[in-house]
Structure formats: C-alpha cells, structure tokens
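A.B. asks: Here it is, the structure in full.
The values are calculated or read from the model by the stated rules, or taken from the named source; none is laboratory data. What you see is a predicted model; the values in this text were computed from it and never measured. Cβ placement follows ideal geometry from the backbone for every residue including glycine, while neighbour counts extend to all protein chains displayed. In case anyone asks, the SASA skips ligands and DNA or RNA and just uses the protein heavy atoms, side chains included. Shrake-Rupley method; radii C 1.70, N 1.55, O 1.52, S 1.80 Å.
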Amino acid sequence: MIALIDYGAGNTASVSNILNELNADFILTSDKKNIEAADKIILPGVGEASSAMERLSELGLIETLKNLTQPFLGICLGMQLLCESTEEGDVSCIGIFQEKVKRFQASGFKVPHMGWNTIKMATSDRLLEGIPNEIYFYFAHSYFVPQNEFTTSICNYGIDFSASLRHKNFYGVQFHPEKSAQQGIKILKNFLEI
Amino acid sequence: MLAKRIIPCLDVKDGRVVKGTNFLNLRDAGSAVELAQRYSDEGADELVFLDITASEEKRRTLVELVKSVASVMRIPFTVGGGISSVNDISDLLNSGADKISLNTSAVKNPQLISESSKQFGSQAVVAAIDVKKMDKEYRVFIKGGKVETNLEGIKWCKEVVELGAGEILLTSMDQDGTKNGYDTNFLSSLNKVVSVPIIASGGAGKMEHFYEAFAAGADACLAASLFHYKQLEICDLKKYLMKKGVPVRL
C-alpha cells in the first residue's frame with residue numbers, strides 16, 4: 001500500500017491518475033498511522049513552501065515523515081520540503097537533505113522556470129533506471145535545490161541545480177513525473193518497483 | 001536547455017471545443033477530451049482550456065470536464081474562464097489542472113492574483129490579458145473581448161506580475177482569428193519589461209509566425225484552429241523550429 005499524502009498543497013489528482021493507470025494500491029491520506037503503516041510514501045507538492053510546512057505541522061506530520069524508513073518520494077515542492085530550509089517564506093523544512101532551497105536569480109532567465117527541460121544523470125540511481133540522458137521533463141518552480149552530494153541528476157537554468165536527489169530511502173524529483181508524458185510514468189513505475 | 005512550448009488552446013463551450021474568429025461566430029471543432037488526448041499524443045507541450053461561456057454567464061468552469069481531461073492527459077494544462085474566487089481555483093487545481101488563468105476577475109479584483117499565488121504558488125497562476133490597439137496605445141479588454149477597460153496593456157502586464165502571476169497569456173484581439181501572425185511588436189515590448197514567461201496568442205497562421213513570436217521573446221506560442229482543423233501538425237512545426245535553431249521538445 002502506498003500513502004499519497006494529502007496536505008492541501010498537492011497535485012494529488014494527477015498523481016492519483018497515474019497510480020491508477022499503473023494499477024498501484026494506494027490511499028490518499030494525511031493520517032499519521034496510515035503513513036507509518038504504508039510500504040511507500042509519496043509527498044506531492046504544488047504551492048508555497050511556508051504554507052505547506054505550516055499545514056504539515058498542523059497535521060503533526062513533520063517528525064513522522066523524518067523518521068520513515070520506507071521508500072519515500074517527494075515531488076517538486078515535496079522534494080524541496082525534504083531539505084533543511086527554504087528561502088520561500090524563509091522557513092525550516094523537514095531536514096533530510098542538508099541544503100537550503102534558493103530562488104532563481106540568474107539574469108536573462110525568467111522566473112518561474114516553466115516548461116520542459118532536459119536532465120543529465122549525475123550518478124546511477126534506481127529511480128532513474130532506464131531513463132536516457134538529456135531527456136525532457138516538465139518543470140514549474142521558482143526555487144531550486146543547489147547541486148550537492150545527494151544530487152542524482154542535474155538540470156540547467158542559468159545555473160546547474162538538482163533535478164533529483166537521493167539520501168537513503170528518501171528520493172526527490174524537482175520536475176513533475178506525473179506531467180512528463182511517458183518518461184515521467186517510467187519514473188513513477190521505477191519508484192513502485194523499489 | 002529549456003524548450004520553447006507549443007500550446008494548443010481549446011475554447012470550450014458546454015464541454016465541446018469551439019473556435020471563434022475575432023471572438024465571435026463560434027464554430028464547433030470537437031470533443032474536448034478527445035482533442036486533449038490527441039494533442040497529448042501528438043507532442044503538444046501543454047494545453048489551455050478556456051471556458052468561453054463562463055465570463056458571460058457568470059457560471060463556474062466545469063470541474064467535471066477538468067477531471068475527465070486530467071484522467072487522460074499526461075502533460076500539463078491550464079484552465080480559465082469565469083474563475084472568480086480562491087475556492088474555484090482550489091477546486092480546479094484539486095481536480096487535476098496544473099494552472100488556472102484569470103482574466104476579467106483579475107481586472108475586477110486584482111487581490112485574487114496575490115491571494116491565489118500566495119496559496120498555490122505563482123507557477124499555478126496565469127494572467128490572461130486581451131489587448132487591442134487603440135490609436136497609439138494598447139488597451140485591455142475583458143469579458144471575452146467585449147468590454148473595454150481603462151487599463152493600458154503593458155502597464156497591466158507589469159502590475160499582474162507584481163501581484164504574483166507566474167505567467168502572462170497575451171492575446172492580441174487585432175490578430176486573433178486572422179492567421180496573419182502574432183503581434184510581435186507588443187510581445188517584444190512586453191518581453192523587455194516583465195520577468196515571467198510569456199505565452200503569445202492570437203494570429204498564428206503558418207510555421208513562420210511561431211518562429212517570429214519566439215524571436216520576439218515569447219516563451220510559448222498558443223494556437224487553436226490551426227491545430228483543431230489539422231492545418232498544421234505539431235510534429236512538423238517542431239521539426240521546422242528545430243531547424244531554425246529554436247529549442248523544442250521532439
């Protein structure tokens with residue numbers, strides 16, 4: 001059973017649609033017990049970081065998420081929330097990846113970074129298995145995670161930043177696999193098979 | 001490298017796709033869900049749905065349509081038309097839309113842009129702006145191009161960005177339906193003063209028009225009838241753009 005976390009800052013409908021297509025057994029939940037009992041966890045994310053952290057805190061989920069040992073996938077804002085802190089609303093986050101999320105500032109590059117961009121593999125990683133190098137994924141974000149020791153793939157938009165991250169059981173993707181056509185579905189399928 | 005986007009626009013009325021010439025004389029082009037699926041398969045980068053009856057009749061956009069489109073679509077889509085509250089926006093995003101566009105309601109209540117971008121992130125908030133050339137300046141029109149406002153085009157574009165809009169969908173009413181090309185003069189002026197992506201709309205008639213709009217600073221180009229009636233295949237268009245050195249996703 002997969003727990004797709006519903007905390008009012010998610011693109012839960014789109015992720016649900018793909019999980020249905022892949023015949024995955026999942027529940028949409030914000031309940032601590034359901035999350036702890038799940039085999040895998042997905043934290044989707046569309047929205048603004050400080051309100052999302054506030055919501056996770058109200059639901060009493062921050063420590064719960066931090067202590068999970070099952071495969072965990074954070075998508076877009078869901079990945080950023082796994083970092084130490086973010087410039088967006090200047091808040092502390094869950095703290096799996098010891099990085100600060102920053103705002104795009106390169107001159108000549110419009111913000112948000114919106115649309116299809118290519119990713120380059122930084123290391124081999126199960127989540128990205130079978131994904132060719134320099135393939136397009138869909139991005140929609142104004143803040144980014146700098147390249148760091150946990151970076152598994154890189155995207156460039158005025159600066160190289162983390163397109164995906166991994167630390168132990170925690171995986172994160174900055175792009176939206178649920179909106180990235182066939183290659184995105186492949187990534188979610190890889191996650192289900194971990 | 002970030003690709004320039006090609007976006008088919010589906011003007012929806014009662015769940016069917018229609019396309020007008022200069023915002024009038026509606027013609028039926030097909031089922032919205034069917035077309036959405038086709039475009040997704042053919043390589044569209046994104047889709048825009050505009051419920052063109054919404055502003056006129058003050059009714060809410062069809063959440064059910066968004067749900068059925070989201071169930072077949074594996075690329076992002078924007079929905080607009082008659083969206084006038086944060087609750088509407090929340091319903092549409094929760095039904096599977098990636099972004100919402102605000103037009104008339106943003107002019108009437110600019111706070112809607114700031115409130116929604118604060119709550120959902122500016123990447124989810126598109127300001128749709130219809131402009132028409134009047135003597136020496138561009139004027140903003142609302143209610144599907146029927147009502148003139150006292151807002152100047154460039155000034156209003158800058159204001160919506162300050163309020164938190166993450167993208168501007170700019171429709172030239174003069175060019176819309178003419179197939180004579182996008183309004184590259186306005187696009188180029190706009191590109192110099194705003195920091196968010198710009199979607200060019202109105203006037204696409206042939207492949208060169210897309211190239212011209214990208215050269216003028218557009219980040220995405222929107223077209224409707226050209227694609228609905230298969231006068232232009234997205235795949236051929238992208239091959240042409242790639243040859244011209246425009247980064248596209250093929």
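A.B. asks: For the list (1) within 16 Å of A:Asn169 (Cβ to Cβ); (2) out of contact with any Cys (no Cβ under 8 Å at 6 or more places or on another chain); (3) of a type in the set (Val, Ile, Thr), I need the number of the one condition that A:Ile96 fails.
C.D. replies: The single condition A:Ile96 does not satisfy is (2).
A.B. asks: Another question, then. Take the stretch A:87-142 and flag every residue that is farther than 30 Å from A:Glu63 by Cα, in a loop (DSSP other than H, G, I, E, B) and within 11 Å of another protein chain (Cβ to nearest Cβ).
C.D. replies: Within the stretch A:87-142, A:Gln105, A:Ser107, A:Gly108, A:Phe109, A:Lys110, A:Val111, A:Pro112, A:Glu134 qualify.
A.B. asks: Continuing with the same structure: I'm trying to understand the selection: among the residues of the stretch B:143-164, which are touching a residue at least 60 places away in the same chain (Cβ under 8 Å) and either touching a Lys or Arg at 6+ places or on another chain (Cβ under 8 Å) or within 14 Å of another protein chain (Cβ to nearest Cβ) (or both)?
C.D. replies: Scanning the stretch B:143-164 gives a single hit, B:Gly145.
A.B. asks: Check off (1) at pLDDT 90 or above; (2) open to solvent by less than 10 Å² (accessible area, probe 1.4 Å); (3) farther than 24 Å from B:Lys4 by Cβ; (4) out of contact with any Phe, Trp or Tyr (no Cβ under 8 Å at 6 or more places or on another chain) for B:Ala54 and give me the number that stays unchecked.
C.D. replies: Exception for B:Ala54: condition (1).
A.B. asks: Applying the selection to the stretch A:73-84, what residues are buried (at least 18 other Cβ atoms within 10 Å of the Cβ), not β-branched (Val, Ile, Thr) and not in a loop (DSSP other than H, G, I, E, B)?
C.D. replies: Scanning the stretch A:73-84 gives A:Leu73, A:Gly74, A:Leu77, A:Gly78, A:Met79, A:Gln80, A:Cys83.
A.B. asks: What do you reckon, is A:Ala24 touching a helix residue (DSSP H, G or I) at 6+ places or on another chain (Cβ under 6 Å), at pLDDT 95 or above and on the phi < 0 side of the Ramachandran plot?
C.D. replies: Taking the combined requirement at face value, the residue satisfies it.
A.B. asks: Against the condition away from every other protein chain (no Cβ under 13 Å) and out of contact with any Pro (no Cβ under 6 Å at 6 or more places or on another chain), how does B:Lys99 come out, does it pass?
C.D. replies: Details: away from every other protein chain (no Cβ under 13 Å): no; out of contact with any Pro (no Cβ under 6 Å at 6 or more places or on another chain): yes.
For B:Lys99, the condition - away from every other protein chain (no Cβ under 13 Å) and out of contact with any Pro (no Cβ under 6 Å at 6 or more places or on another chain) - is not met.
A.B. asks: With respect to the numbered conditions (1) more than 12 Å from chain B (Cβ to nearest Cβ); (2) under 26 Å from B:Gly166 (Cβ atoms), which one is the sole condition not fulfilled by A:Glu193?
C.D. replies: (2)
A.B. asks: Restricting attention to the stretch A:151-190, and to residues there that are within 12 Å of chain B (Cβ to nearest Cβ) and open to solvent by 20 Å² or more (accessible area, probe 1.4 Å), which single residue is farthest from A:Ala140 (Cα to Cα)?
C.D. replies: A:Lys186
A.B. asks: Let me ask you something else. Out of all the residues in the stretch B:190-231, which are among the charged types (D, E, K, R) and either touching a Ser or Thr at 6+ places or on another chain (Cβ under 8 Å) or assigned to a loop (DSSP other than H, G, I, E, B) (or both)?
C.D. replies: Hits for the stretch B:190-231 are B:Lys206, B:Glu212, B:Asp219, B:Lys230.
A.B. asks: Hey, could you check the stretch B:107-126 for residues that are hydrophobic (A, V, I, L, M, F, W, C) and in contact with a Ser or Thr (Cβ under 7 Å, 6 or more places away or on another chain) and say which is nearest to B:Thr171 (Cα to Cα)?
C.D. replies: B:Val126
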